[in-house]
Structure formats: C-alpha cells, structure tokens
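Engineer: Questions regarding the structure given below will be posed in turn.
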Amino acid sequence: MDRTYGHTEHDVPAQQHGPASQDARSENTIDTPEDEPTALPPWTGPAILLVDLDAFFASVEQLDHPGWRGKPVIVGGDPAKRGVVSTASYEARPYGVRSAMPSSQAARLCPDAIWTHGHYGRYREMSKTIMDILLDESPRIQQVSIDEAFLDISPTPHAPEHPILIAQRIQRRVAELGVTCSIGLGTTKTIAKIASDMDKPQGLTIVYPGREKDFLSPLPIRTMSGIGPAAERELIAHGIHTLGDLAKADESLMHRIFGKNAEMILARANGGDTTPVSDDDPVKSVSNEMSFAEDLSTDTEVDGAIATMAAKVGRRLRKKGMRGHTVGLKMRFSDRSIRSVQKRLERATDDDLAFTPLLRRMAREIWEPGIPVRLIGVAVTGFEDDEPEQKTLFDVAEEAPSGEDVKPLIADDAKRGGLLEATDRVKDRFGESAVQFGHELSMKNRTTGSGSKNASDYK
C-alpha cells in the first residue's frame, strides 16, 4: 500500500502494492482503482529512492522452491552449531524470528520452519538482475548491499517523468521476477532510507519536497542511522526521544555525544542531508570472518582458521584489483569478549600467502593456546595510499611483532605469485571450491553455516 506524506490538496491514490498504469495518456498521471487517471502533484527538486528487497534471501528460496511458498523459511546457520539467522521470511516473523538472532533461539520460536544454509551465488545473480533494472531507470545508482540500493531519479527537462511513476514501475518489474521490494522516496538519502522501512513488504512510502520535518519529527531517534545504543541512552537521558527533539537539540550537547559527526546528525534530523547518490564510494575494508560450531583452542586450529580467512580476503582483493597497507585480526572468545589487533605494512599487498604468517604472529598478541576461540576475522584496509609497485611486503619496522622476522609461506616472490594466479584462474572458471589448501579443507565442517549479506566489503 502506498503511503504519501505532504499532500494538502491532492492525494496520490493508495494502490495495493503500487503498480502504475503504463498507458500514454499523460506522463504524470496515475490510475485510480476505478481506472480513472488522476494528475500527480508536481515534484520539484531532488528525488532519491531506496529500493530494499523484501526478506531477500528467503524470498529467492521460496521462488526457487514453490512448495516453500506461504511457509516460514529461515536462511541461516545450524541451530546446533551456534549459527545465526541471516534472513527470515515474513511467514516466520510473527513467531519472533529476526535477522542476527541465534539459530537455536529461532528454532525454539518457530519449530516448524524450513531451514536452509542459503545459495549465495543464486542471490548474487538475482541481485544483479534487479540492479540492472535500476540502471535502466537511472545511471545514478549506489548499491549499498546485495539487497539495497539508492537511485537518483530527480526530474530534469530531458527526463521529466514523475518520480512516483518510476518507483511504481520499479516495483512492478521486480515483482515480475518473483520477489518484491519496498521503496522509500524523498528528497534525500536519509529520508529515502527511513521511508523504505515504513511499510513492508512491497510498500511505497513517499515524502514530498518540503515535508521532510513533518515526516521525521515524530519518529524515535533510533530510526536514523548513525545513532547507536550508547548515543540513544545519552540522548534520552537529556529528554531527547524523537527526531523532532533531536533537530532542536543544543549543539554543544550534540558535539559532546557525536563529536565531529554532530553537524551531520543535526542536518539529517532537520531533513537537510545533502549526501549525493554516488557509485564510486571507496571501499574502506575487505574482510571475512568465521564463527565455529565448536571452540578452537590449539595452535593448529587457530592457525588454520586464520589462513582460511586470509585466503578469502586475498582472493577478494585480487578480484577487485586492490591492495592494502594494513592487516587486522579479530577474535571473539567463548565468553563473547572480543579482542583485535592490526599492523601497518610498509608496502601495500593483496598476497595472502605473504601476510598470513604475520596474522598468525599477531594472534599471539591477543590469544594464548588453550583459550577457547569462537570467531576469527581478518581484514585488510588502508587503500587510499596504495602504491603501484609491490616490493618487500613486511618492512613494518617498529610496528611488527617482536621476535624473529616474519616470512611468507612461500619465500620466492615469483613462485608465490604464480601459485596465487593459477588458483585464481581455476576458481574463476570452476568456482571457489574447485581448489583449496589444506587449512581450508580442515575448516570446511567446523563453521556454523551462517551467511551474511556483506561478508567481505565494507564502506
């Protein structure tokens, strides 16, 4: 059902799931349920929409398995192996199942659910098809995850079509693929993002220009991105409960809570976010992490897991043509505490066979054999000052871990590079599991089976 904010004289007719008539009677008309064309109020200025695919992973599974349609479906890790829920279908949500919930809890809440570990290649394929639909509508697209993207559809003299008609056409075209999306339409990315969450599934929420404050003012402060639990607690302690309260908050208080981000938060609360839709935001981190069905506690187990994560990160770096100057390691222990460490390299790299030994050494700075490890994550960052030539990889000077020099798994640079190139080619042709090192095989059956929408690249 369409929701429209900001009309005083003309209301956009509410239509079930928002499909617009595509006849040629007018470029800015919409058909009512009685099939009578009604003029849309004009849209002036920016028009930004956020397309959010509804319960995407679960929806694709229901599309591919007709017998699962109308039934609770959970995509996630094994309930008996510390898995987590990646996505739950809308049929599972009335039971209280939600994303990021422990699979064991979800299984108790919805014992009759259909479970699957997921088919991420299939999800990426469907995501690309949908992103191509968005590109048909506008070249100004910013994909923020596998199931979300911003699109700038601002009317221009050369492209005057009303943004509402474009949004409705996108919904119809996505629905024809067998999945659905919810869309928020407004004048800024902040408005579009918040609006997209207002009416799910397959909702279209429209905030007309000039009505941003009316839309934002009554909403809880946590509705807006950038406000986490700690900031929420402090704001509430000062009597700030809604975005309307936040928009009028004292600037000194905002600077104390949000620091350098205070002005951005205030601008968003006042509906004045001017961040453009951009498809060239730099990737800040390429990373991967793994949760284990049973805790790791030995050198061999931890070193194998580190090498497996490093191999995935190196592979992704090479596919993107990126090299980073900083490697990071994160560990979560059985008591759920987390420790991390990072080291800056003298030379940027994408060579996991070279930085794996350094990661293993870094692990000894935050962990000792015998301490149970629940999760390990590896990241590479520092792309902004990447260099075109890669020489000695670990000239890390005083930042290197103490002890003997850290040496690559294969000493000869040419042999190491040749091996990585060969394995990349095999994987490109036959899939990621076509060739694996021994440490990867040793970890194959030790994970929880959980997946993630954004397992590798963060912006």
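Engineer: Once label points are set 7 Å from the Cα along Cα→Cβ at both THR274 and THR223, what is their separation, rounded to one decimal in nm?
Structural biologist: 2.5
Engineer: Taking the highest mean first, how do the peptides 225-234, 267-276 order by number of other beta carbon atoms within 10 angstrom per residue? Write out the running numbers ahead of the final one.
Structural biologist: On the way: 225-234: 12.7, 267-276: 18.5.
Answer by packing, highest mean first, reads 267-276, 225-234.
Engineer: Same structure again: Distance from the Cα centre of region 140-159 to that of region 169-229, in angstrom?
Structural biologist: 14
Engineer: Continuing with this model, one more query. Could you order the peptides 302-314, 209-221, 128-140 from most to least packed, using the average number of other C-beta atoms within 10 Å per residue?
Structural biologist: Working: 302-314: 23.8, 209-221: 17.2, 128-140: 15.3.
Ranking the peptides 302-314, 209-221, 128-140 by packing returns 302-314, 209-221, 128-140.
Engineer: For region 329-372, what percent of Cα pairs sit more than 16 Å apart? List each step's numbers first, then the result.
Structural biologist: Numbers: 402 of 946 pairs.
So the pairs more than 16 Å apart make up 42 percent of the total in region 329-372.
Engineer: In addition: Go through region 330-340 residue by residue and turn each phi into a ³J(HN,Hα) via Karplus (6.51, -1.76, 1.60, θ = phi - 60°); whole Hz please, and just put x for glycine and proline.
Structural biologist: 10, 10, 10, 9, 5, 8, 6, 6, 10, 9, 9
Engineer: Additional query: So how do CYS110, CYS181 line up by other beta-carbon neighbours within 10 Å, fewest first?
Structural biologist: Ordered from fewest to most neighbouring Cβ atoms within 10 Å, CYS110, CYS181 come out as CYS110, CYS181.
Engineer: Could I have the simple spin-label model distance between GLU251 and HIS119, label points 7 Å from Cα toward Cβ, reported in nm to one decimal?
Structural biologist: Here the answer is 5.6 nm between the modelled labels.
Engineer: In debye, nearest 20, what is the charge dipole magnitude of region 217-269 about its Cα centre with +1 on Lys and Arg Cβ and -1 on Asp and Glu Cβ, if you could check? Don't skip to the answer; put the middle values down first.
Structural biologist: On the way: 6 positive and 6 negative charges, 24 e Å.
The calculated dipole for region 217-269 is roughly 120 debye.
Engineer: Between LEU63 and GLU346, 0.36 nm times their residue separation minus their Cα-Cα distance comes to what?
Structural biologist: Numbers: separation 283, 0.36 × 283 = 101.88 nm, distance 4.92 nm.
Working it through step by step, the gained length comes to 97.0 nm.
Engineer: What residues from region 63-81 fall in the zone where the backbone N is under 15 Å from a label point 7 Å along the Cα-to-C-beta line of ARG108?
Structural biologist: In region 63-81, the label zone of ARG108 (backbone N under 15 Å from the point 7 Å along Cα→Cβ) covers 79-81.
Engineer: How much length is gained if the chain between ILE371 and LYS71 is pulled fully straight, taking 0.36 nm per residue apart and subtracting their Cα-Cα distance, in nm to one decimal?
Structural biologist: Numbers: separation 300, 0.36 × 300 = 108.00 nm, distance 4.17 nm.
Result for the pair: 103.8 nm of gain on full extension.
Engineer: Continuing with this model, one more query. When a/c is below 1.5 the answer is rounded, else prolate if a/b is larger than b/c, else oblate, so apply that to region 240-351 with a ≥ b ≥ c taken from the square roots of the Cα gyration tensor eigenvalues. It would help to have the intermediate numbers written out before the result.
Structural biologist: Details: a/c = 2.95, a/b = 1.77, b/c = 1.67.
Prolate.
Engineer: Note down the net charge around THR242, summing +1 for each Lys or Arg and -1 for each Asp or Glu among other residues with Cβ under 11 Å from its Cβ. Walk me through the intermediate numbers first.
Structural biologist: Details: positive: ARG222, LYS248; negative: ASP245.
Once all neighbours under 11 Å are counted, the net charge is +1.
Engineer: Taking θ = phi - 60°, what integer Hz values does the Karplus form 6.51 cos²θ - 1.76 cosθ + 1.60 yield along region 143-156, in sequence order, with x for Gly and Pro?
Structural biologist: 7, 9, 6, 5, 10, 9, 7, 8, 9, 8, 10, 4, x, 9
Engineer: A follow-up question, please. Rounded, prolate or oblate: pick one for region 218-294, where a ≥ b ≥ c are the square roots of the eigenvalues of its C-alpha gyration tensor, a/c under 1.5 means rounded, and failing that, prolate if a/b is larger than b/c, else oblate.
Structural biologist: Details: a/c = 2.33, a/b = 1.44, b/c = 1.62.
Judged from the Cα gyration tensor, region 218-294 comes out oblate (a/c at least 1.5, b/c at or above a/b).
Engineer: Now, a different point. I need the P(r) histogram for region 60-196: all alpha carbon pairs, bin width 10 Å from 0 out to the longest distance, whole percents.
Structural biologist: 11, 35, 31, 18, 5, 1
Engineer: What is the set of long-range amide H partners of LEU204 at a cut-off below 5 Å, with H atoms built 1.01 Å from backbone N?
Structural biologist: ASP2, ARG3, ILE183
Engineer: Still on this structure: Can you give the FRET efficiency for LYS284 and ARG318, using 1/(1 + (r/R0)^6), R0 = 22 Å, r = Cβ-Cβ distance, to the nearest 0.05? Kindly include the intermediate steps, with their values, before the conclusion.
Structural biologist: Working: r = 18 Å, r/R0 = 0.82.
E between LYS284 and ARG318, to the nearest 0.05, is 0.75.
Engineer: Between HIS238 and GLU263, with labels modelled 7 Å along Cα→Cβ, what's the label distance in nm to one decimal, could you check?
Structural biologist: In this crude spin-label approximation the distance works out to 1.8 nm.
Engineer: Provide the gained length on full extension for the span PHE333 to ARG172, in nm with one decimal, where the gain is 0.36 nm per separating residue minus the Cα-Cα distance. Could you put the intermediate results ahead of the total?
Structural biologist: Details: separation 161, 0.36 × 161 = 57.96 nm, distance 4.65 nm.
Result for the pair: 53.3 nm of gain on full extension.
Engineer: Still on this structure: So for each of 369-379, 70-80 I average, over its residues, the number of other beta carbons within 10 Å; can you give me the resulting order with the highest mean first? The partial results should precede the final answer.
Structural biologist: Working: 369-379: 18.5, 70-80: 21.8.
Top of the packing list down: 70-80, 369-379.
Engineer: Residue by residue through region 90-99, what is 3J(HN,Hα) from phi via Karplus (6.51 cos²θ - 1.76 cosθ + 1.60, θ = phi - 60°)? Round to whole Hz and write x for glycine and proline.
Structural biologist: 5, 6, 8, 5, x, 7, x, 6, 8, 4
No value in this document is a laboratory result; all are computed from the given coordinates. Everything numeric here is computed off the predicted structure, so don't read it as measured data. Glycine also receives a Cβ, built like all others from the backbone with ideal geometry; neighbour counts cover every protein chain displayed.
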